Structures are given as C-alpha cells and as structure tokens.
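Trainee: Encoded as structure tokens, here's the structure I'll be asking about.
The values are calculated or read from the model by the stated rules, or taken from the named source; none is laboratory data. None of the values given here were measured: they were computed from a predicted structure. Methodologically, a virtual Cβ is constructed for each residue, glycine included, from the backbone with ideal geometry; neighbour enumeration extends over all protein chains shown.
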Amino acid sequence: MTDLAKLRDIERLLSLCLKPEEAPLPADEAEWERLVALAFEHSVLSLLWLRLRERELPPPVRARLWSFYSWNLAQNRELRAEQERIMAALGTAQIPVRTLKGLDLSETAYGDIGARECLDLDLLIPPQNLERADGVLAQLGYRRTPELPLEKFARSQELRYERSTEGGRLFTLDLHLRILPYRPDDPFTVRVWAEGMTRECLLLYMCMKQVVHRFVGAKHLCDLCAVYAWAGGQFDWARFLEAARELGFAPGIALSLEWLRECSGAAVPEEVIQTLRPGRLNRALLRRVVGETPAAALAQGEKLVGPYGAFAVAACATPGRARWRQMWQLLFPSPVYVRQYYRAEPHQATLPIYLARLAHKVPLALWQLVRRGR
C-alpha cells in the first residue's frame with residue numbers, strides 16, 4: 001500500500017469514528033478489509049461498530065464487527081467487576097483511590113462500557129499509602145512486576161501488578177502514584193486530588209494522553225473528541241488554562257486542541273489555543289516531527305512509537321527549561337522505570353540496562369531523524 005493510500009484509509013477511519021453520519025462507507029470488500037484491519041490496529045474496532053450499527057453494512061462485516069464488540073463488552077464487564085473488587089478492598093483499608101481513563105471513560109464519554117478497548121485497570125492513590133495498598137493487593141492475589149523491594153518504587157509514576165485466575169484470565173493493574181510522566185513533581189495530580197477529575201481536568205488529561213502517546217493511535221484522538229462532546233463544550237477555559245500552564249507541555253496541548261477542533265468541529269476558543277501555542281519556529285518544529293494533520297501523524301505509526309518519537313514528546317514540551325528537562329528524562333528515565341520496562345530480575349544491575357538501552361535507541365532515533373529530513 002502506498003503512503004497516500006494509507007493516509008486516505010486513516011482519514012476514512014477517523015471520519016467514520018468521529019462523523020459517521022457524513023462519512024461514506026467503503027465501496028468494496030477490499031476497502032472493508034483494510035478498514036477493519038486499521039480499526040483493530042488503532043483499538044477502535046468496538047467504537048466502529050457502535051458508530052456504524054445503524055447503517056447498511058455487508059452481512060460479513062456486520063457479523064465481524066458485532067462479534068468483536070460482544071467479546072470486548074464481556075471483557076470489560078469482567079474488568080469492571082475486578083475494579084470494583086479492588087476499590088472495595090482499598091476503601092475498607094481507608095486508602096483514597098481514583099479511577100483513571102479506561103472503563104469510566106467508556107461509560108461516561110461514550111455511554112457504553114463496551115465502546116473502548118481496555119487492556120488493564122488504572123487506579124490512582126496517594127504515594128504515602130503505597131505500602132498499605134501493596135499489602136491489600138497482595139491479599140487480593142496481585143504481585144508486582146518486577147518484584148523489587150517496595151522502597152525502590154517510592155518516586156515512581158506507577159507500579160504494575162498482575163493476577164492470574166484459575167480460568168487463565170490475566171488481570172493487569174497500573175497503580176499510579178502520579179499522573180504525569182517525565183517529571184518528579186506533578187501539579188496536575190495535586191489538582192486532581194484537590195478538585196476531583198473535573199471537566200477541565202479530564203479534557204486536559206485527554207490532551208496529555210495524546211502527547212504521552214506521541215499522537216499515535218486513533219483511540220486517543222477519539223477519546224479527546226468524546227470527552228468534549230460529553231461535556232457539551234461547556235468548559236471553564238480560564239481554569240483549563242491555569243492548569244495547562246503548570247504542566248510544561250503547552251505546545252502539545254495546543255496541538256491536541258487544534259486537532260480536536262479540526263476533527264470534530266469543537267468550538268475551542270481561539271484565544272485558548274493562541275495562549276498555549278508556541279512561536280512560529282517551535283510550531284513548525286512540532287508539525288515537522290509529529291505531522292501536519294492527525295491522519296499524517298497516525299500514518300507514521302511505529303516511527304513515532306519508537307525512538308524517533310522522543311523528538312515528538314520533546315517538541316511538545318514548552319521551549320526552554322521544560323524542554324531540556326524533558327529530553328533528559330527521555331534519555332535517562334528513572335531506574336525503576338527502566339527495570340519495569342525491561343522486566344529486569346532483582347539481581348540484575350541497572351547500569352548495563354541503561355547502556356544497552358542507549359546503544360539501541362539513540363543511533364536509531366538519529367537515523368530516523370536523518371531519513372525524515374531527506
């Protein structure tokens with residue numbers, strides 16, 4: 001498939017997910033096959049079914065979409081039951097806890113628990129409650145991965161836990177101590193604990209998910225549009241800007257809002273985007289690295305997921321100190337993150353893992369940058 005054909009397929013997928021009444025359906029079996037495969041790749045196959053179920057679909061396509069949605073719905077209901085079990089246990093232990101994205105977003109923003117494809121659970125607790133929460137999760141059958149001493153995770157953003165059932169189902173839980181990656185302090189988490197996940201915080205969180213995932217994955221863009229639609233566009237934009245300025249990712253947030261407006265027709269005030277938008281040179285850099293349009297960013301796929309994507313995250317950071325700090329964190333993440341990501345054994349030393357990581361990622365990122373500039 002040519003780059004142009006892939007770009008058109010992605011544009012069609014976005015149109016069917018975000019403006020299904022206006023978007024034309026594929027014309028033949030080959031186009032349907034590409035669309036379904038692309039929707040699966042971008043984790044929006046269940047959403048595609050919900051958007052198209054009232055339209056005239058070829059019987060094989062209808063059966064395939066319905067089958068996947070039914071499976072995903074059953075999976076999410078199991079996840080919901082598990083989430084309620086965990087939260088009840090944490091509540092009994094008087095440990096404050098909040099849910100992040102996932103199932104709650106599916107039910108609130110989309111109005112259907114089967115709309116989003118959720119691979120794991122995401123819960124937020126205060127860092128000072130980590131030891132007690134770890135004990136509660138152990139009683140529920142969860143184990144940390146990797147199984148390092150708990151004090152090693154004190155400054156981590158999140159910990160990963162797993163539990164296998166007798167029936168072979170694997171439940172994965174990301175226990176967050178902070179919401180924002182790449183920085184030791186986190187004013188956003190402080191705000192969420194103080195105010196709750198308000199509409200403004202939820203919209204900002206969806207913008208940041210775009211940045212963290214390097215604008216890859218139609219799922220994250222659809223989530224952003226769904227949150228805006230769910231709120232009816234009713235946001236306190238002054239409070240949104242107050243929170244956004246604290247994060248150090250103003251260019252990335254501005255780009256997310258631009259694409260929200262472009263893809264869904266959202267009435268985001270121009271002055272909000274202008275306040276966050278970087279200067280002309282930095283904006284050109286961001287567009288150059290990420291892509292000129294949402295479809296162009298999605299078409300890059302693995303390139304932005306891989307080492308080259310570090311340039312995208314850095315370009316999303318506010319110019320100046322925040323951007324240099326961002327680059328440092330990308331090159332040298334915390335030892336616990338490295339050990340978690342590479343699933344290191346407790347006896348393995350951290351330094352060789354760092355060196356192997358740099359030896360692989362830095363040359364590859366530079367080579368991709370050179371190729372991109374040709």
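Trainee: Scan the stretch 1-8 and give yes if some residue there is surrounded by 16 or more Cβ atoms within 10 Å (Cβ to Cβ), in contact (Cβ under 8 Å) with a residue 60 or more places away in the chain, under 30 Å from Ile125 (Cα atoms) and of a type in the set (D, E, K, R), otherwise no.
Mentor: Within the stretch 1-8 (the criterion being surrounded by 16 or more Cβ atoms within 10 Å (Cβ to Cβ), in contact (Cβ under 8 Å) with a residue 60 or more places away in the chain, under 30 Å from Ile125 (Cα atoms) and of a type in the set (D, E, K, R)), the answer is no, since none of the residues qualifies.
Trainee: Can I ask one more? Filter the stretch 257-271 for residues that are under 20 Å from the mean Cα position of the chain (by Cα) and closer than 12 Å to Phe240 by Cβ and give the result. If you could, list the steps in order and put the result at the bottom.
Mentor: First, the residues of the stretch 257-271 that are under 20 Å from the mean Cα position of the chain (by Cα): 257-264.
Result: Leu257, single match.
Trainee: Related question: I want to confirm something. Restricting to the stretch 93-108 and keeping residues that are over 14 Å from Leu121 (Cα atoms) and in contact with a helix residue (DSSP H, G or I) (Cβ under 8 Å, 6 or more places away or on another chain), which single residue is modelled with the lowest pLDDT? So that I can check it myself, show each step before the final result.
Mentor: Kept after step one, since they are over 14 Å from Leu121 (Cα atoms), are these residues of the stretch 93-108: 93-96, 107-108.
Those still in the list that are in contact with a helix residue (DSSP H, G or I) (Cβ under 8 Å, 6 or more places away or on another chain) too: 93, 95-96, 108.
Working: Ala93: 97, Ile95: 97, Pro96: 97, Thr108: 92.
That would be Thr108.
Trainee: Right, here's the next one. Every residue in the stretch 215-246 that is surrounded by 18 or more Cβ atoms within 10 Å (Cβ to Cβ) and closer than 19 Å to Arg277 by Cβ, please.
Mentor: Scanning the stretch 215-246 gives Phe215, Leu221, Leu224, Tyr228, Phe235, Phe240, Leu241, Ala243, Ala244.
Trainee: Still on this model: Scanning for something under 20 Å from the mean Cα position of the chain (by Cα), over 25 Å from Asn76 (Cα atoms) and surrounded by 14 or more Cβ atoms within 10 Å (Cβ to Cβ), does the stretch 114-123 turn up at least one residue? Write out each step before concluding.
Mentor: Of the stretch 114-123, the ones under 20 Å from the mean Cα position of the chain (by Cα) are 114-123.
Of the ones still in play, those that are also over 25 Å from Asn76 (Cα atoms) are none.
Looking for residues that are under 20 Å from the mean Cα position of the chain (by Cα), over 25 Å from Asn76 (Cα atoms) and surrounded by 14 or more Cβ atoms within 10 Å (Cβ to Cβ), one finds none in the stretch 114-123, hence no.
Trainee: Using the structure shown, decide if Arg280 is free of Cβ contacts under 8 Å to residues at least 60 places away in the same chain, more than 17 Å from the chain's Cα centre (by Cα) and surrounded by fewer than 17 Cβ atoms within 10 Å (Cβ to Cβ). Give the derivation first.
Mentor: Working: free of Cβ contacts under 8 Å to residues at least 60 places away in the same chain: yes; more than 17 Å from the chain's Cα centre (by Cα): yes; surrounded by fewer than 17 Cβ atoms within 10 Å (Cβ to Cβ): yes.
So Arg280 passes the test.
Trainee: Right, next: Quick one: how many residues across the stretch 197-251 are β-branched (Val, Ile, Thr), modelled with pLDDT under 95, in contact with a helix residue (DSSP H, G or I) (Cβ under 6 Å, 6 or more places away or on another chain) and assigned to a helix (DSSP H, G or I)?
Mentor: Qualifying residue count, the stretch 197-251: 1.
Trainee: Restricting attention to the stretch 104-133, which residues are in contact with a strand residue (DSSP E or B) (Cβ under 7 Å, 6 or more places away or on another chain) and either of a type in the set (Gly, Ala, Ser) or assigned to a helix (DSSP H, G or I) (or both)?
Mentor: Answer for the stretch 104-133, where residues must be in contact with a strand residue (DSSP E or B) (Cβ under 7 Å, 6 or more places away or on another chain) and either of a type in the set (Gly, Ala, Ser) or assigned to a helix (DSSP H, G or I) (or both): just Ala133.
Trainee: Looking at the structure I just gave you, is Leu103 buried (at least 17 other Cβ atoms within 10 Å of the Cβ) and under 18 Å from the mean Cα position of the chain (by Cα)?
Mentor: Values: buried (at least 17 other Cβ atoms within 10 Å of the Cβ): yes; under 18 Å from the mean Cα position of the chain (by Cα): yes.
Yes, satisfied.
Trainee: Please work out which residue is modelled with the lowest pLDDT, limiting yourself to the stretch 139-182 and to residues that are in a loop (DSSP other than H, G, I, E, B) and among the basic types (Lys, Arg). Steps first, answer last, please.
Mentor: Step one: list which residues in the stretch 139-182 are in a loop (DSSP other than H, G, I, E, B), which gives 140-142, 145-149, 154-157, 165-169, 177-182.
Add one more test, that the residue is among the basic types (Lys, Arg), and what stays is 155, 169, 178.
Details: Arg155: 75, Arg169: 90, Arg178: 91.
Among residues in the stretch 139-182 that are in a loop (DSSP other than H, G, I, E, B) and among the basic types (Lys, Arg), the one modelled with the lowest pLDDT is Arg155.
Trainee: Just name the residue that is nearest to Glu258 (Cα to Cα) out of those in the stretch 276-286 that are at pLDDT below 85 and of a type in the set (D, E, K, R).
Mentor: Among them, the one singled out is Arg283.
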